[in-house]
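Enquirer: One structure coming up, written as structure tokens, with questions to follow.
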Amino acid sequence: MTSSPLKPRRGRPPKSPRADQDTRAALIRSGTELLTEQGFSASAIDTILKRVGVPKGSFYYYFASKEAFGRAIMEHYGAYFANKLDRHLLNSRLPPLDRLTAFVADAEAGMARHEFRRGCLVGNLGQEVASLPETYRHWLRETLEDWQRRLARCLEEARAGGALAPSADCARLAEAFWIGWEGAVMRARLERSVRPMEVFIHCYLEGLPR
């Protein structure tokens, strides 16, 4: 994250605890938007502070460091995305594999709504992981493993219901999905089209053991 130098100082505290929480949440939301668009290294703290209307001198009142700010953004994104996955993959009104299709359709609509400016925070950070704090690498791995477990449970339901072959390795198939998914999202941003995502989910479902 680029920025003009910030001197660690507390700045003036908000007028109330609620204002404190609201401003911190607004900084995290603004940071999430910018990082999904530009990645970590290219995102400027100054830009985020200006969007929220927070003076530079107050930054360290809300976050101990820029690294801590990045971790707060990742935690926020992780919780948001886990909720989205659960909304689709735990939807018992649909057959398990249709739940995965619904998740992809939702993601395609989101990409189009933001005119393909925003990608996946995990994918963005993964591309620049060599220059990020080591704690970020651990978070990225743990997050992907969490997503894999959530999808694996959905695939296990499909296997139990006969939609997948009894020999299907659901954990491995879930890992393969997320490996391919990040590439599809990156390609969709490049082409400014959902076509790569459509190609990916079609080929993925077609290749599942039946």
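The values are calculated or read from the model by the stated rules, or taken from the named source; none is laboratory data. Remember, predicted model here, so these are calculated numbers, not experimental data. Reconstructed Cβ throughout: ideal geometry from the backbone, glycine too, with neighbour counts over all protein chains shown. Surface accessibility is based on the protein's heavy atoms, side chains included, excluding ligands, DNA and RNA. Shrake-Rupley method; radii C 1.70, N 1.55, O 1.52, S 1.80 Å.
Enquirer: Among the listed residues Ser16, Ser4, identify the single one that is surrounded by fewer than 16 Cβ atoms within 10 Å (Cβ to Cβ), in contact with a strand residue (DSSP E or B) (Cβ under 9 Å, 6 or more places away or on another chain) and modelled with pLDDT under 80. Full working, then the answer.
Expert: Values: Ser16 fails: in contact with a strand residue (DSSP E or B) (Cβ under 9 Å, 6 or more places away or on another chain).
It is Ser4.
Enquirer: Looking at region 149-157, can you tell me whether even one residue there is closer than 24 Å to Ser193 by Cα and out of contact with any His (no Cβ under 7 Å at 6 or more places or on another chain)? It would help to see each step written out before you state the result.
Expert: Here is the first cut: in region 149-157, the ones closer than 24 Å to Ser193 by Cα are none.
No, that holds for no residue.
Enquirer: While we're looking at this one, here's another question. Please work out if Ala130 is within 20 Å of the chain's Cα centre (by Cα) and over 23 Å from Ser41 (Cα atoms). Explain how you work it out, then say what you get.
Expert: Numbers: within 20 Å of the chain's Cα centre (by Cα): yes; over 23 Å from Ser41 (Cα atoms): no.
Here the answer is no, as Ala130 does not meet what is asked.
Enquirer: Could you check Glu75 against (1) at pLDDT 90 or above; (2) over 30 Å from Glu157 (Cβ atoms) and say which number it fails?
Expert: Every condition holds for Glu75 apart from (2).
Enquirer: Take residues that are within 24 Å of Asn91 (Cα to Cα) and either out of contact with any Pro (no Cβ under 8 Å at 6 or more places or on another chain) or without any contact (Cβ under 8 Å) to a residue 60 or more places away in the chain (or both) and tell me which of the helices (runs of 4 or more DSSP H) falling wholly in region 112-210 contain 2 or more.
Expert: Values: elements: 121-127, 134-160, 170-191, 195-206.
By residue number, 134-160, 170-191, 195-206.
Enquirer: Take the residues of region 93-111 that are without any contact (Cβ under 8 Å) to a residue 24 or more places away in the chain and part of a loop (DSSP other than H, G, I, E, B): which is nearest to Glu182 (Cα to Cα)? Write out each step before concluding.
Expert: Going through region 93-111, the residues without any contact (Cβ under 8 Å) to a residue 24 or more places away in the chain turn out to be 93-94, 98, 102-103, 105-106, 109-110.
Okay, now just the ones that are also part of a loop (DSSP other than H, G, I, E, B), so 93-94.
Working: Arg93: 27, Leu94: 25 Å.
Here the answer is Leu94.
Enquirer: Continuing with the same structure: So which residues in region 35-47 are open to solvent by less than 40 Å² (accessible area, probe 1.4 Å) and modelled with pLDDT of 90 or more, if there are any at all?
Expert: Restricting attention to region 35-47, the residues satisfying the condition of being open to solvent by less than 40 Å² (accessible area, probe 1.4 Å) are 35-36, 39-40, 43-46.
Hits for region 35-47 are Leu35, Thr36.
Enquirer: Select from region 43-92 the residues that are in contact (Cβ under 8 Å) with a residue 24 or more places away in the chain, part of a helix (DSSP H, G or I), small (Gly, Ala, Ser) and over 20 Å from Phe177 (Cα atoms) and list them in ascending order.
Expert: The answer is Gly57, Ser58, Gly70, Ala72.
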